[in-house]
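Asker: Next up is a structure, given as structure tokens.
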Amino acid sequence: MLSDAEMIHYSRQILLPEVEEIGQHRLKQACVLIVGLGGLGCAAAQYLTGAGIGKLLLADGDRLSPSNLPRQPLYSSQHSGQLKAQLSARRLAAQNPHIDILPITEYLRGEGLYEQVSKADLVLDCSDNMASRQAINAACYAHSTALIIGAAMGFSGQFLALNPAHDHGCYRCLYEPEQAPPQGCQHAGVIGPVVAMMGLMQALEGIKYLANTGSVPWGTLHLFDGLKHSWQHYALPRTPQCQICGDR
Ligand SMILES: [Zn+2]
């Protein structure tokens, strides 16, 4: 089970009647794949590391640029040009010596994506483009792996948790792949705290799912308007003819 050092390290979390030692043990047994170590991934990874997820797979082929720093507090300005997967793995390993952290220094696609998804109990989609989101959604449904998606642009945030074992729709039901991708945040701009909020929600719901406590809002699209501070929630129904989830 847990060592004495781990019991001390996680004591505030183990104190929670919703977690206790059994929940902490479940977190220790879990493997989470985080795709994208930008603003969403930095926020989510720091708190999954803190919570004691036993194994983190950190996938990103991107290198740090100075324009990332306002939203990506895992990194320092002197590390510009270095691989984010390696930088984040180093920082997070220093934060929690009790877990395994594996950097994957490539953009996951095709077979590589399916292989990494097959190792994970949960995938966090922290990517920044629609093609990646569609590919991650398809891979997670192929492996029946739970998927928690975050997104942010401008002052707006999006959060969606998908469980292939449930009857709701998937990301492909929400957006057609041929649908013109919305402008990325490198063109449209983005405000840092909204990105972090979505990443932290991904971490929170992931911890609940893996510790088997509380209820995760599977299949509900949450839209946050940071200018008005308002939320909207929409149930995502399954499209019967969906290529990814429709014939399930
Ligand atoms: Zn679908």
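The values are calculated or read from the model by the stated rules, or taken from the named source; none is laboratory data. This is a predicted model, so every value here is computed, not measured. A quick note on method: Cβ atoms are made from the backbone with ideal geometry, for glycine too, and the neighbour counts reach across all protein chains shown. We work out accessible area using only protein heavy atoms, side chains counted, and drop any ligands, DNA or RNA first. Shrake-Rupley method; radii C 1.70, N 1.55, O 1.52, S 1.80 Å.
Asker: Let me have the relative contact order for the chain, percent, based on Cα pairs under 8 Å that are six or more residues apart.
Answerer: Values: 502 pairs, mean separation 50.1, N = 248.
Reported as a whole number, the value is 20 percent.
Asker: Ranked by accessible surface with a 1.4 Å probe, highest first, in what order do Glu20, Glu205 come?
Answerer: Glu20, Glu205
Asker: Along Cα→Cβ, 7 Å out, is where each label goes; now give me the distance between the ones at His166 and Thr220 in nm to one decimal.
Answerer: Each label point is offset 7 Å from its Cα along the Cβ direction, giving 0.9 nm.
Asker: Averaged per residue, what accessible surface does the chain expose to a 1.4 Å probe, in Å²?
Answerer: Numbers: 11730 Å² over 248 residues.
Here the per-residue accessible area is 47 Å².
Asker: Across the range 4-235, how many lysine pairs, 8 or more positions apart or on different chains, have C-alpha atoms separated by under 16 Å? Please give the number.
Answerer: 4
Asker: Which chymotrypsin sites (Phe, Trp or Tyr not before Pro) from the range 84-165 combine a DSSP loop assignment with at most 10 other Cβ atoms within 10 Å?
Answerer: Working: sites: Tyr107, Tyr114, Tyr141, Phe155, Phe159; in loops: Tyr107, Phe155.
Hits after loop and neighbour filter: nothing returned.
Asker: Considering the dipole of the range 122-225 built from charges on the beta carbon (Lys and Arg +1, Asp and Glu -1) around the Cα centre, which of Val123, Phe224, Leu174 is farthest to its positive end?
Answerer: The listed residue farthest towards the positive side: Val123.
Asker: For the chain, what is the charge dipole size about the Cα centre, in debye to the nearest 20, if Lys and Arg each add +1 at the Cβ and Asp and Glu each add -1 at the Cβ?
Answerer: 340
Asker: Continuing with this model, one more query. I need the peptides 2-8, 79-85 ranked by packing, meaning the mean over residues of other C-beta atoms within 10 angstrom, with the highest value on top.
Answerer: Result, highest mean Cβ count within 10 Å first: 79-85, 2-8.
Asker: Could you please put Met201, Met130 in sequence from largest to smallest accessible area, using a 1.4 Å probe?
Answerer: The residues order as Met201, Met130, largest area first.
Asker: Quote the FRET efficiency, to the nearest 0.05, computed for Gln232 versus Ile8 with a Förster distance R0 of 45 Å and r equal to the Cβ-Cβ distance.
Answerer: Efficiency, rounded to the nearest 0.05: 0.60.
Asker: Could you sort 224-232, 26-34 so that the peptide with the highest average Cβ count within 10 Å comes first and the rest follow in order?
Answerer: Result, highest mean Cβ count within 10 Å first: 26-34, 224-232.
Asker: Quick one: go through the range 196-217 and flag any residue whose amide nitrogen is under 17 Å from the point 7 Å out along the Cα-to-Cβ line of Ile22.
Answerer: Inside the label zone: 208-215.
Asker: What is the pair-distance distribution P(r) of the chain, computed from all Cα-Cα distances in 5 Å bins starting at 0, with each bin given as a whole percent?
Answerer: 1, 7, 14, 18, 20, 17, 13, 7, 3, 1, 0
Asker: Can you tell me how much longer the chain between Lys119 and Arg90 gets when fully stretched, taken as 0.36 nm per residue apart minus their C-alpha distance, in nm with one decimal?
Answerer: Contour length minus the Cα-Cα distance gives 8.3 nm.
Asker: If R₀ is 45 angstrom, what is the calculated FRET efficiency for the pair Phe155 and Asp247, using the beta carbon separation as r and rounding to 0.05?
Answerer: Efficiency at R0 = 45 Å is approximately 0.70.
Asker: Would you compute, from DSSP H runs of 4+ residues alone, the mean residue ellipticity of the chain at 222 nm, taking -39500 (n - 2.57) per run and dividing by the full residue count, rounded to the nearest 500?
Answerer: So the helix-based figure for the chain works out to -11000 deg cm²/dmol.
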